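Heads up: the structure comes next, in structure tokens.
The values are calculated or read from the model by the stated rules, or taken from the named source; none is laboratory data. Keep in mind that this is a model prediction, so the values were computed, not measured. Positions of Cβ are generated from backbone atoms using ideal geometry, with glycine treated the same way; all protein chains shown enter the neighbour counts. Protein only, heavy atoms only, side chains kept; ligands, DNA and RNA dropped before computing areas. Shrake-Rupley method; radii C 1.70, N 1.55, O 1.52, S 1.80 Å.
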Amino acid sequence: MALRHILTQENPALRRKCRPYTEFGHRLHQLLDDMGETLTQANGVGLAAPQVGILRRACVVLETNVPEGEEYIFELVNPEILLREGEQEGTEGCLSVPGQFGIVRRPERVVVRAQDRYGNVFEREGLGLTARAICHELDHLDGTLFVDLADRMLTEAELEEMYGGGEDEAE
Ligand code: NI
């Protein structure tokens with residue numbers, strides 16, 4: 001496994017629509033392994049393939065609806081959202097937009113259908129932060145960043161308070 005370089009906002013690759021995977025072999029497995037390691041190292045809750053320069057429909061997301069210390073990463077290849085339910089408003093960031101956060105409305109619950117690294121189709125539910133992260137990562141696959149969707153971005157004062165007051169999460 002290896003860490004991948006995370007592209008930042010100004011890179012045009014982040015604005016492209018990604019193509020689906022049709023082959024589920026070594027290259028994909030290597031990418032997903034690397035993305036998982038990169039996400040963990042960056043302390044994020046999600047990472048999409050275009051963020052590491054691969055314009056394909058795959059992402060990794062941290063499942064946080066588990067007891068503390070038992071969080072784990074799951075992989076979504078060719079994902080699509082089947083159901084969006086409820087609404088949550090919250091602070092969102094992105095590993096490709098370092099140091100910036102905004103208020104983004106997202107569904108409270110989603111059901112996503114995807115393939116695993118071997119091509120098997122499955123469905124999974126995301127709640128709360130996990131629903132937010134799934135939506136955020138899927139947006140990346142279509143070239144959308146959270147800054148496009150934010151009702152507003154946090155001010156300098158709010159950022160200072162946030163950095164002083166606790167840990168941040170970035171997708
Ligand atoms: Ni992101």
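Only helices enter the 222 nm calculation for the chain: every DSSP H run of n ≥ 4 contributes -39,500 (n - 2.57), and dividing by all residues gives -8000 deg cm²/dmol, rounded to 500. Between Glu10 and Met153, the distance separating the two model label sites (each 7 Å from Cα on the Cα→Cβ line) works out to 1.4 nm.
Accessible area ranking (1.4 Å probe, heavy atoms, ligands and nucleic acids excluded), largest first, for Arg132, Arg16: Arg16, Arg132.
When Tyr21, Tyr163, Tyr118 are compared by accessible area at a 1.4 angstrom probe, the order from most to least is Tyr118, Tyr163, Tyr21. For the range 59-171, a/c is not less than 1.5, where a ≥ b ≥ c are the root eigenvalues of the C-alpha gyration tensor, and a/b tops b/c. That puts it in the prolate class. For the range 1-114, the square roots a ≥ b ≥ c of the C-alpha gyration tensor eigenvalues yield an a/c under 1.5, which makes the shape rounded. Surface analysis of the chain yields an accessible area of 51 Å² per residue, using protein heavy atoms and a 1.4 Å probe. At a 1.4 Å probe radius, carbon and sulfur cover how many percent of the accessible area of the chain? Of the solvent-accessible surface of the chain, carbon and sulfur hold 46 percent.
The order of Thr40, Thr91, Thr64, Thr130 by accessible area, most exposed first and with a 1.4 Å probe, is Thr40, Thr91, Thr64, Thr130. Helices of the chain meeting both criteria, an alpha-carbon length of 15 angstrom or more along the long axis and an average Kyte-Doolittle score not below -1.0, with helices taken as full DSSP H segments, are 26-42, 129-141.
Residue separation of Leu3 and Ile81 scaled by 0.36 nm, minus their Cα-Cα distance, works out to 25.3 nm of gained length. What shape does the range 63-104 have by the C-alpha gyration tensor, where a ≥ b ≥ c are the square roots of the eigenvalues, rounded means a/c under 1.5, and otherwise prolate means a/b greater than b/c and oblate the rest? Because its axes are fairly even, with a/c under 1.5, the range 63-104 counts as rounded. Rounded to the nearest 20 debye, the dipole size of the chain about its Cα centre is 1040 debye, using +1 on the Cβ of Lys and Arg and -1 on the Cβ of Asp and Glu.
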